[in-house]
Amino acid sequence: MDVKREDPAETLTSDHSGVEVEALREELCEAQAALRESEERLRTLFAYAPEAIVMLDAETGRFIDVNPRAEALFGLSRERLAELGPVDVSPPYQPGGASSLESAIAHVQAALDGTELTFEWWHRNAEGQQLPCEVRLVRMPWGSRNVIRGSITEISVRKQFELCERGRSQVLERIARGDSLSDVLQTLVKTIEELLPGMVCSVLILDQETRCLHFGAAPSLPQFYNDAVEGLKAGPATGSCGTAAHTGKRVIVADIRNHPYWAAYLPIIERLDVRACWSEPIISLESTVLGTFAMYYCEPREPVQLELDVIETSAQLAAIAIEHDRTKKLLSDVNASLERRVASRTQALAEANKELERSNDELRQFAYIASHDLQEPLRMVTNFGQLLQRKIQVGADAESAEYLGYVVEGGQRMQALIDDLLEYSEIGYQSRPFQAVKLDRVVQLVLANLRASVQDTQAEITYGELPTVVGDKPQLVQLLQNLIGNAIKFHDQPPPKIHLTAEQNGAEWLVSVRDNGIGIAPEFYSRIFEFFRRLHNRDRFPGTGIGLAICKRVVERHGGRIWVESTLGEGSTFFFTLPMRDVK
Ligand code: ADP
């Protein structure tokens with residue numbers, strides 16, 4: 001420290017006695033030695049302090065002294081620094097946009113007022129490199145001079161971490177919120193610009209098909225420049241971004257006025273207040289180039305490690321944003337096309353259903369009318385055939401009588417078929433509203449209808465407690481009459497034993513009709529419910545093969561199911577369900 005002091009020994013006057021003077025001189029010498037020693041210690045402390053220390057003259061705004069750490073931090077000699085002040089080793093603006101000059105004056109004034117200050121400050125070294133620092137200011141007792149001691153610690157690593165974290169969380173938050181890609185990129189660019197003062201950024205997005213770059217976000221670059229870059233084809237020597245997008249590698253151009261990559265754009269450069277442009281390719285997880293993240297500086301310069309780390313992190317964040325947007329678009333495209341397909345399928349299905357219903361209706365109508373109209377002429381054939389049969393029997397023409405017998409029998413069979421067909425087609429065609437139907441009453445009606453065959457076969461028919469169900473009574477009679485009729489009919493030796501049960505099964509009734517008849521082989525369990533499906537010839541068991549098809553139709557019209565379980569030679573059990581419902 002070059003602080004000038006007066007030598008108190010020289011100021012002693014001669015009017016003191018010699019002894020006194022001698023004693024005083026000795027004392028003074030000792031004091032001087034002690035002072036030198038303490039100064040030496042102070043200087044050592046100053047020189048070897050772990051942080052940069054500067055002594056600032058608050059009047060002139062210049063450094064009085066700096067330690068070697070400060071020389072190293074700013075990249076300037078002690079002598080050179082003595083000609084400068086804090087503002088000369090700072091960028092013009094601090095993060096957040098405050099002017100360095102104004103902020104420095106305010107801080108110095110506060111320190112002079114006796115406040116001990118600690119704050120974050122961006123310095124700049126001789127190479128133009130930005131240095132995030134923590135600064136502590138303390139006023140020093142220094143005679144009449146206003147001296148301030150500043151200790152400066154570089155906090156690049158901590159700052160860098162903070163920058164990345166802040167930027168990352170802001171951008172990710174916006175992505176998660178579902179903001180548009182341009183909003184997300186704009187936030188990213190603004191955040192980075194705020195954190196590295198004096199620098200402006202841009203994001204360009206690469207069209208994968210045309211390989212052209214399009215505007216992503218560049219709020220601080222002039223419009224004419226953004227317009228000029230829009231649609232730029234990525235290729236060799238197409239500025240920093242075009243080249244980075246083309247090669248997939250980082251491009252550092254320290255001075256765009258003297259670089260071959262920018263040679264083709266001189267007229268634009270002349271209008272641009274930019275000298276350095278570094279561009280980082282934005283790369284997807286699948287290693288395709290999605291675009292570029294660029295940093296621009298007004299002065300020619302190379303990046304420092306902190307800036308390289310920030311540009312890399314920014315490009316990664318941009319990659320997340322762009323990929324997220326692409327996935328979102330892809331998903332919504334897939335959804336839209338799926339919806340379109342479902343809608344068109346639904347429409348086609350509805351149309352097919354309508355068509356099916358219409359043709360079903362027509363068919364039902366046709367079957368009903370045909371069987372109805374056929375009945376009359378058929379009855380005539382059978383009746384007159386029978387009359388003729390009687391006459392011929394009288395005349396005893398045996399051969400003609402036999403032939404006529406076939407005619408009459410055929411007519412009767414046809415009659416039975418038409419009756420069944422009519423019955424079947426009536427199920428859907430003539431629908432009555434459902435009502436409460438006592439099932440035991442239905443069974444009694446069926447037994448009355450089947451009295452003759454019950455008596456002929458000496459069938460024993462029993463049933464447990466039967467519920468009241470909701471349905472179409474005549475159709476339920478038809479259903480049980482067919483099932484009990486079959487149970488009596490498909491029978492060999494011992495008299496038929498038939499048992500009916502009904503039990504509640506969840507929200508439906510489960511009804512069963514069990515017999516001890518001939519049984520059914522498993523392979524026919526479902527086929528016997530088809531139209532005209534018979535397992536035996538007419539000589540053994542007469543029938544049309546429509547009865548169970550009618551049963552199935554009745555049960556399904558009531559919202560239930562029907563099936564059979566059986567053991568050949570031992571008997572069968574037919575089950576059907578009827579949903580429980582309220583009578584309207
Ligand atoms: P049909 O009784 O007029 O022959 P169905 O449609 O009622 O016609 O029955 C179809 C076929 O199912 C019958 O021909 C018979 O082979 C078989 N079947 C129906 N009910 C029984 C039963 N209870 N026992 C054995 N076989 C049966």
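Rounded to the nearest 0.05, what FRET efficiency is calculated for residue 372 and residue 326 with R0 set to 51 Å and r the Cβ-Cβ distance?
Values: r = 67 Å, r/R0 = 1.32.
Result of the calculation: an efficiency of 0.15.
Cα axis of helix 305-395 to longest principal axis of the chain: angle in degrees, 0 to 90, nearest 10?
Computed tilt is about 10 degrees.
Hey, if we sort 338, 330 by accessible area with the 1.4 Å probe, largest down, what's the order?
Descending order: 330, 338.
Compute the helix-to-body angle for 181-195: its Cα long axis versus the longest principal axis of the chain, expressed 0 to 90° and rounded to tens.
Helix 181-195 sits at roughly 20 degrees to that axis.
Tilt of helix 547-557 relative to the longest C-alpha principal axis of the chain, in degrees (0 to 90, nearest 10)?
Orientation of helix 547-557: about 40 degrees from the principal axis.
Return one whole number: the accessible area per residue of the chain in Å², for a 1.4 Å probe.
Spelled out: the 1.4 Å probe surface of the chain, per residue, equals 56 Å².
Please name whichever of 549, 574, 563 sits farthest to the positive end of the charge dipole of segment 541-584, dipole taken about the Cα centre and charges placed at Cβ: Lys and Arg +1, Asp and Glu -1.
Of 549, 574, 563, it is 549.
By a straight-distance test (C-alpha under 15 Å), which aspartates and glutamates pair with residue 497 as possible cross-link partners, with residues fewer than eight away in the same chain excluded?
456, 460, 515, 570
Within the set 329/354; 233/328; 328/354, which residue pairs have Cα atoms separated by over 28 Å?
329/354; 328/354
Starting at the first residue of segment 533-539, write each ³J(HN,Hα) from the Karplus equation 6.51 cos²θ - 1.76 cosθ + 1.60 with θ = phi - 60°, in whole Hz, x for Gly and Pro.
Running phi through 6.51 cos²θ - 1.76 cosθ + 1.60 with θ = phi - 60° gives 8, 10, 9, 9, 7, 4, 5 Hz.
Rounded to the nearest percent, how much of the accessible area of segment 454-584 (1.4 Å probe, protein heavy atoms only) is carbon and sulfur?
47
Report in % the part of the accessible area of segment 230-276 that belongs to carbon and sulfur, leaving out ligands and nucleic acids; probe 1.4 Å.
Roughly 55 percent of what the probe reaches on segment 230-276 is carbon or sulfur.
So, with a 1.4 angstrom probe, what is the percent of accessible area on segment 66-166 that is carbon and sulfur? Don't skip to the end; give the middle numbers.
On the way: 2700 of 5220 Å².
The computed percentage sits at 52.
So how exposed is residue 538, as accessible area in Å² (1.4 Å probe, rounded to 10)?
The accessible area comes out at roughly 120 Å².
In whole angstrom, how far apart do the alpha carbon centroids of segment 455-480 and segment 337-356 sit?
Answer, in whole Å: 43.
Can you tell me the dipole magnitude for the chain around its Cα centre, using point charges on the Cβ only (Lys, Arg +1; Asp, Glu -1), in Debye to the nearest 20?
The dipole magnitude comes to about 3840 debye.
With point charges of +1 on the Cβ of Lys and Arg and -1 on the Cβ of Asp and Glu, referenced to the Cα centre of segment 429-505, which listed residue (439, 484, 495) lies farthest in the positive direction of the dipole?
Checked the options; the winner is 439.
Show 83, 209, 530, 423 ordered by accessible area, largest first, where the area counts protein heavy atoms only and the probe is 1.4 Å.
209, 83, 530, 423
How would 307, 460 rank on accessible area, largest to smallest, probe 1.4 Å?
460, 307
Among DSSP beta bridges lying fully in the chain, give the percent that are antiparallel, nearest 5.
95
The values are calculated or read from the model by the stated rules, or taken from the named source; none is laboratory data. Source: prediction; values computed, not measured. FYI the Cβ positions are ideal-geometry reconstructions off the backbone, even for glycines, and counts take in every protein chain you see. Accessible surface areas use protein heavy atoms only, side chains included; no ligands, DNA or RNA. Shrake-Rupley method; radii C 1.70, N 1.55, O 1.52, S 1.80 Å.
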